[in-house]
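First the structure, in the form of structure tokens, and then the observations on it.
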Amino acid sequence: MAEDDESTLADIDSSDLRTGVYEGGFKTWECSIDLSSLLLDRGPRKDIDELARVDSVIELGAGSALPSLVLFQHAIQNAYPVHFTLADYNEAVLRLVTLPNLLLTHARYGLSPVLLSEKAGDLEITPVLIDSFLKTLTDTGVSLSFLSGPWGPELLMKISEGGAEQGTVVLAAETIYSPDSTAAFVELVVGILKRTKMAKAIVAAKRIYFGVGGSVDGLKEACNERGAVAYEVENSGVKGMDQGVGRALLEIQMY
């Protein structure tokens with residue numbers, strides 16, 4: 001990242017968000033950790049929709065993609081042929097954060113894991129690592145797509161190019177920080193959920209985003225206006241969500 005000269009990198013020390021330029025993907029947001037914790041808690045109880053019945057996982061606003069990494073690890077360890085779509089506003093985020101995190105997850109948990117030191121340090125992206133990563137994807141049937149750009153019809157079209165899946169899970173965290181972002185997000189989610197009968201979204205968010213206007217109540221209302229229902233789920237295994245402004249985990253499904 002330090003060697004990259006793209007303009008999005010120049011502003012990350014001074015701003016978490018520049019509308020239409022940079023959407024915060026270089027930062028790991030706390031609600032992303034909440035969603036990852038929920039998936040980790042459900043995993044041992046085989047309640048992540050049992051990935052054997054899900055062939056598409058889509059993370060919107062992926063960034064560091066922690067929630068997807070939980071399911072990616074689960075998929076490659078159990079050879080579930082799942083297609084992961086990682087979408088972020090900035091292509092640089094996908095290249096410098098999202099994909100490297102998938103490589104790190106493979107290095108630790110893949111079929112041919114790379115020996116990692118317990119001490120902090122760098123993992124060199126070598127031809128051996130790349131070949132091992134690609135072999136794991138081939139052997140497990142797991143596949144990846146990376147999509148950049150704003151939420152809207154063009155992104156939905158790209159997501160839909162593979163056709164309707166058997167089952168889809170959409171993941172998202174901190175995507176409803178303003179009324180405008182909530183409207184665009186819900187429009188995209190509803191478009192995705194309509195493609196298949198077995199589909200739902202799991203969203204992690206703060207209950208209210210002071211100063212910018214987004215809220216969980218606003219998400220519920222926007223979903224209701226578009227024929228979907230957003231309901232809060234049991235926060236089993238996720239601690240601290242009632243502290244500060246409070247945070248929530250919700251599932252979205254079509255009526």
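The values are calculated or read from the model by the stated rules, or taken from the named source; none is laboratory data. Small disclaimer: the values here were computed from a predicted structure and weren't measured. Glycine also receives a Cβ, built like all others from the backbone with ideal geometry; neighbour counts cover every protein chain displayed.
Ala222 meets the stated requirement of being at pLDDT 95 or above and either part of a strand (DSSP E or B) or aliphatic (A, V, I, L, M) (or both).
Quick one: in the range 230-249, which of the residues that are aliphatic (A, V, I, L, M), touching a Lys or Arg at 6+ places or on another chain (Cβ under 8 Å) and under 23 Å from Glu59 (Cβ atoms) is surrounded by the fewest Cβ atoms within 10 Å (Cβ to Cβ)? Can you show your working first?
As a first pass, look at the range 230-249 and keep what is aliphatic (A, V, I, L, M): 230, 233, 238, 241, 245, 248-249.
Subset that is touching a Lys or Arg at 6+ places or on another chain (Cβ under 8 Å): 230, 241, 245, 248.
Imposing the further condition that a residue be under 23 Å from Glu59 (Cβ atoms) reduces the set to 230, 241, 248.
Working: Ala230: 22, Met241: 19, Ala248: 22.
Restricting to residues being aliphatic (A, V, I, L, M), touching a Lys or Arg at 6+ places or on another chain (Cβ under 8 Å) and under 23 Å from Glu59 (Cβ atoms), the top hit is Met241.
So in the range 51-71, with the set limited to residues that are in a helix (DSSP H, G or I) and out of contact with any strand residue (DSSP E or B) (no Cβ under 6 Å at 6 or more places or on another chain), which one is nearest to Val93 (Cα to Cα)? This residue is Leu66.
Apart from one condition, Thr175 fits all of (1) surrounded by fewer than 16 Cβ atoms within 10 Å (Cβ to Cβ); (2) under 20 Å from Leu38 (Cα atoms); (3) of a type in the set (Ser, Thr, Tyr); the exception is (1).
Contact map, the range 137-149: first residue in a loop (DSSP other than H, G, I, E, B), second residue buried (at least 18 other Cβ atoms within 10 Å of the Cβ) and aliphatic (A, V, I, L, M), Cβ cut-off under 9 Å, separation 6 or more or different chains; pairs are Gly141/Ala75; Gly141/Val82; Val142/Ala75; Val142/Ile76; Val142/Val82; Gly149/Ala87; Gly149/Leu155.
Quick one: which of Leu219, Leu193 is under 25 Å from Glu91 (Cα atoms), among the aliphatic types (A, V, I, L, M) and in contact (Cβ under 8 Å) with a residue 24 or more places away in the chain?
On the way: Leu219 fails: under 25 Å from Glu91 (Cα atoms).
Selected residue: Leu193, the only one of Leu219, Leu193 that is under 25 Å from Glu91 (Cα atoms), among the aliphatic types (A, V, I, L, M) and in contact (Cβ under 8 Å) with a residue 24 or more places away in the chain.
Checking the stated criteria, Glu187 turns out not to satisfy the condition of being out of contact with any Asp or Glu (no Cβ under 9 Å at 6 or more places or on another chain) and exposed (fewer than 14 other Cβ atoms within 10 Å of the Cβ). It is to be established whether one or more residues within the range 235-249 are assigned to a loop (DSSP other than H, G, I, E, B), closer than 26 Å to Asp41 by Cβ and within 17 Å of the chain's Cα centre (by Cα). Taking every residue of the range 235-249 in turn, none turns out to be assigned to a loop (DSSP other than H, G, I, E, B), closer than 26 Å to Asp41 by Cβ and within 17 Å of the chain's Cα centre (by Cα).
Quick check on this structure: which one of Ser32, Ser36, Ser56, Ser68 is crowded, with 21+ Cβ neighbours inside 10 Å, at pLDDT 90 or above and in contact with a His (Cβ under 8 Å, 6 or more places away or on another chain)?
Values: Ser32 fails: in contact with a His (Cβ under 8 Å, 6 or more places away or on another chain); Ser36 fails: in contact with a His (Cβ under 8 Å, 6 or more places away or on another chain); Ser68 fails: in contact with a His (Cβ under 8 Å, 6 or more places away or on another chain).
Result: Ser56 is the single residue among Ser32, Ser36, Ser56, Ser68 that is crowded, with 21+ Cβ neighbours inside 10 Å, at pLDDT 90 or above and in contact with a His (Cβ under 8 Å, 6 or more places away or on another chain).
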